[in-house]
1. Per DSSP H run of at least 4 residues, take -39500 (n - 2.57); add these up for the chain, divide by its residues and hand me the 222 nm value, nearest 500 deg cm²/dmol.
2. Enumerate the aspartates and glutamates that LYS331 could reach by cross-link, defined here as Cα to Cα under 16 Å, with residues fewer than 8 away along the same chain left out.
3. Can you work out D for segment 391-441 in µm² s⁻¹ from Stokes-Einstein, where Rh is the Kirkwood radius over C-alpha pairs, the temperature is 37 °C and the viscosity is 0.692 mPa s?
4. In nm, to one decimal, how far is the CYS287 label point from the VAL178 one, both placed 7 Å along Cα→Cβ?
5. Cut-off under 19 Å on the C-alpha distance; same-chain residues fewer than 8 positions from LYS2 excluded. Which lysines are left, in chain and number order?
6. Using only alpha carbon pairs under 8 Å that are at least six residues apart, calculate the relative contact order of segment 343-399 and give it in whole percent.
7. Please work out how much length the chain gains when fully extended from ASP484 to LYS403, using 0.36 nm per residue of separation minus the C-alpha to C-alpha distance, in nm with one decimal.
8. Hey, what angle do you get for helix 42-55 against the long axis of the chain, alpha-carbon based, 0 to 90 degrees rounded to 10?
Amino acid sequence: MKTTMLDGIMFANMLRCGAASLSAKRQLVNDLNVFPIPDGDTGDNMFMTIDSGVAALKQEADASLGNTASAAARGMLLGARGNSGVILSRIFAGISRGLEGVESADVTLLGKAFESGLSEAYNAVSTPVEGTILTVYKDAVIYAGARIKKGSTLESYFENFLTELHRSLERTPELLDVLRKAGVVDSGGAGFIYIAEGMQNALMGGEFENVQVTAQQSKTIDYSAFDENSELEFGYCTEFLLRLLRSKGSPDDFDLDSFKDHLNSVGDSVVVFREGTIVKAHVHTFCPGDILNYCQKFGEFLNIKIENMSLQHNELNAGKSYEPASKKPRKSYGIVSVAAGSGIKELFTSLGCDEVVDGGQSMNPSAEDLISAFRRINADRILVYPNNSNIILTAQQAASLYKDAQVCIIPSKTIGEGYAAISQLETDGREPDEIIAEQSEIISAVVTGIVSRAVRDTVQNGLEIKKDEYIGFVGDMIYNSSADKNTALSRLADELSPEQYDIIIVISGENVTQEEAEETQNSFAKKYPLSDVIMIDGKQPIYDYILILE
């Protein structure tokens, strides 16, 4: 085939094929994790990110390439999970920006749009690291773009693009020592290759329907839950994409703040974003028709979704996500933290967190999950504790999208850092910059050790590790391995000299028995009599023990 022009329908098919291709291979991507513990979730994060973009497309794709790219990019921005997922969403946000307003694109314009994706992705990361998905995408964009010439087709562009993707991925261990030592290539780069291969397959006439995409499964709604005797108690969850039209006024003069104020006057839980001439809105209201009529003063709808929230409320236990709007008095500061394990979540709630979002290793929340938590807090400023290095970028993306409060990210990378920071938090009469600086200083003084089971044989830091052994580590430094989790914890503690700290906190995971926890507490109390030893039943997955020294 010799395809010279790309339209919205073909691009939608390419995205669907890309998502399906990654879905089929995402466990392979997960298994490329550097650390030998079950925290490899890059494939899942990237898949859920691109699948959120696919889910945002209408069942019948828009023939306009610009419209299709914009809708998909918005879906990915809200659905982004983990560092690789956020970077992937920024790549497609840049591509969308490069295709804004166009009905179709030739290979030259597509190459420039891919370059826009490159700039957007690098700008999204405060300290770009070479040897990651960023490098793999960059090398391929430059290589394929340099080979566009008269007579080039989309097929030839993607052939060059994929050729360099593969070569660049093989070079990633040369750029990142941690990859070389682990004997793997970059997982994010590998995930992107599977997406690109799926997109190329669609370009060549392949069918995405042959592979089931599973992340966005629609659920059957029990309409009998709202019968002829029911009353509309919660109103309607109303979402739409509105295209601003010049025939109804200049899109350049559109006042987003005034638009948002109007939605707040007739509803609540309002979230409004603008991308180019498209406005994405979410509002809870009893009169969706009034809102739709108001919006048509400025443009026309690209899609609309209106759901009866009484049905959502009746099916909360089936996984529905509606929560009634907060009626709490507005306060100066609200707190959101991310954690896994019922015990740890209760701990953070007891420290004063308004919302504790499910997440951690192998279960990163999306930007939309965090935004939903922001909406439930009635505060002028919101402090967010990601408690995982792979969630910080997602939190930053959510903060940039949310406009109804000032969202500040506290850079906690572990549960220990988040616990220590929140337990010492003082907000009364203080400005965010002062709080962030103080919290960052507290975080820098905390040591968080982890004990977890190895999922494969490996050699790291000169230590030979066998599958199913327990390893004790801090950050990316593995200190020991043992057949027994308590032994691994004890040896890790010996390396970290807990006696130098006033407080020793040990959080036990879901696979730790009561006897093992009691043995740990008694042992630590005897070994470190001058320190306060606190034992917490965290019930967290993945990590058998979390050791916090402060």
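The values are calculated or read from the model by the stated rules, or taken from the named source; none is laboratory data. This is a predicted model, so every value here is computed, not measured. Virtual Cβ from ideal backbone geometry, glycine too; neighbours counted across all protein chains shown. Each accessible area value is taken on the protein alone, full model and side chains, heavy atoms only, with ligands, DNA and RNA left out. Shrake-Rupley method; radii C 1.70, N 1.55, O 1.52, S 1.80 Å.
1. Values: 19 runs with 247 residues, N = 550.
Dividing the helical sum by the residues of the chain leaves -14000 deg cm²/dmol.
2. The reachable aspartates and glutamates, counting only those whose Cα sits under 16 Å from LYS331, are ASP354, GLU355, ASP380, ASP404, GLU426, ASP428, GLU431.
3. Values: Rh = 11.9 Å.
Answer, rounded: 276 µm²/s.
4. About 5.5 nm, to one decimal.
5. Correct list for LYS2: LYS149, LYS150.
6. On the way: 36 pairs, mean separation 19.4, N = 57.
Relative contact order here is 34 percent.
7. Values: separation 81, 0.36 × 81 = 29.16 nm, distance 4.88 nm.
That works out to 24.3 nm of additional length.
8. Approximately 30 degrees, to the nearest 10.
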